[in-house]
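All remarks here apply to the structure that follows.
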């Protein structure tokens, strides 16, 4: 299952042949067609497994801390860790899924809705008169996703980390307005500095 | 798509001008008709650009082929390759031409709403931004195939097409900032508009994929509020 995502992430969905998939996953052509109707079908099945794993992991990350803002930030940090650790798989999950068409896209939309519903818990802390539009959750998840797509399409996943404060400004601002957004930006900048230290520490540790 | 008018020359059998509304490009009569060759070419090109958007809405980036674009445009494969090197060159031309139209539309609406005399205050800026966003969504809702073309993520391997989409996000972000910017206020966060536009386009993409233009219309009030809240 990982083979199809690796092949599509590296070569692109259009260019990834069944042969290229089998080179990465092992097995024979005949076996492939016993399990899957087509490349689209194989991609959709692998996508469903991996995106489920990733979204559960993001929701778990959010649940390890107190409060909405910290939860969203932890989930984005976890997402960035995944993208930088597995860029080829991430390219398949975030960029190539847009190319692969149905039925992977239907699954994609369902996952976006689930994450949007989780982010929408912010609403509980807002007065009904000040309530943001219904689509705010989808909007925020779409913004995070488009940021990841941009970095992966540009072939530069490490650059993603720079976007953390800006994304938190965007997420908090969409629900709570400008002032809260500025606070979220500052707090995310501190977390970013901490993550950077951890990353360089890990690199030095690996070298030494 | 762009309007093309063919004005009949003396060689035409009918002395009256021939007008072609290119919204649904028609085929020109085959054979000898005396229409100047460069007009025929321009018309073929428009049909191909229109067909590229239709084929993309039909097949998505995963399955779209030059053959389908050619078929929808009603031209020969040879004609296709006289105009474009390959499928991607055709999609890029379609993308750039529609992106330019969208931005011109927004610019025209925003410029029209500042002609009243007096100093520009916060409320005016917000009204202008609202008018611009409504114009953009109206434009996209009227042409769902174009909405799909402009909003869908293209394959990253096709660098020119990815760059064209990034340029559009950048340009829309600059428009949004330009309309809202308060010359005396603090400098807004660089890159925030890009996030907002990216999120907006993702919503347009998901609704355009449904193929129901009403869903794009419904987006307008919410998206306007979302784009303006954090700026």
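No value in this document is a laboratory result; all are computed from the given coordinates. None of these values were measured; they are calculated from a predicted model. No Cβ is skipped: glycine too gets one built from the backbone with ideal geometry, and neighbour counts run over all protein chains shown.
Peptides B:198-209, B:161-172, ordered by how many other C-beta atoms sit within 10 Å of their residues on average, highest first, read B:198-209, B:161-172.
Taking the C-alpha atoms only, the angle from helix A:136-153 to the longest principal axis of chain A is near 50 degrees. From largest to smallest, the equivalent ellipsoid semi-axes obtained for the protein assembly as shown from the alpha-carbon gyration tensor read 40, 32, 17 Å.
Taking only the C-alpha atoms of the range A:143-183, the Rg (one decimal) and the largest Cα-Cα distance, Dmax (whole number), read 11.4, 34 Å.
The ranking of B:77, A:57 from fewest to most other beta carbons within 10 Å of each one's beta carbon is B:77, A:57. By other beta-carbon atoms within 10 Å, ranking A:139, A:82 with the fewest at the front produces A:82, A:139. Between the Cα long axis of helix A:104-119 and the first principal axis of chain A there is an angle of about 20°, rounded to the nearest 10. Across peptide B:197-210, the mean count of Cβ atoms from other chains lying within 10 Å of each residue's own Cβ comes to 5. With a 10 Å cut-off around each Cβ of B:224-231, the average count of Cβ atoms from other chains is 6. Across chain A, the volume of the C-alpha convex hull divided among the residues equals 126 Å³ per residue. Considering every alpha-carbon pair of the range B:91-229, the percent of pairs per 10 Å bin, from zero through the bin containing the longest distance, is 12, 43, 34, 11, 1. Computed from the C-alpha gyration tensor, the three semi-axes of the ellipsoid equivalent to the range A:113-208 are 30, 16, 11 Å, from longest to shortest. The range B:40-91 and the range A:1-40 have Cα centres separated by 29 Å. Once the Cα atoms of helix A:164-176 and of chain A are each reduced to a long axis, what angle between those two axes, in degrees from 0 to 90 to the nearest 10, is obtained? That helix lies at roughly 60 degrees to the long axis. Shielding by partners for peptide B:95-107, expressed as the average number of C-beta atoms from other protein chains within 10 Å of each residue's C-beta, is 0. In the protein assembly as shown, helical runs assigned H by DSSP with n ≥ 4 each contribute -39500 (n - 2.57); averaged across all residues and rounded to the nearest 500, the mean residue ellipticity at 222 nm is -23000 deg cm²/dmol.
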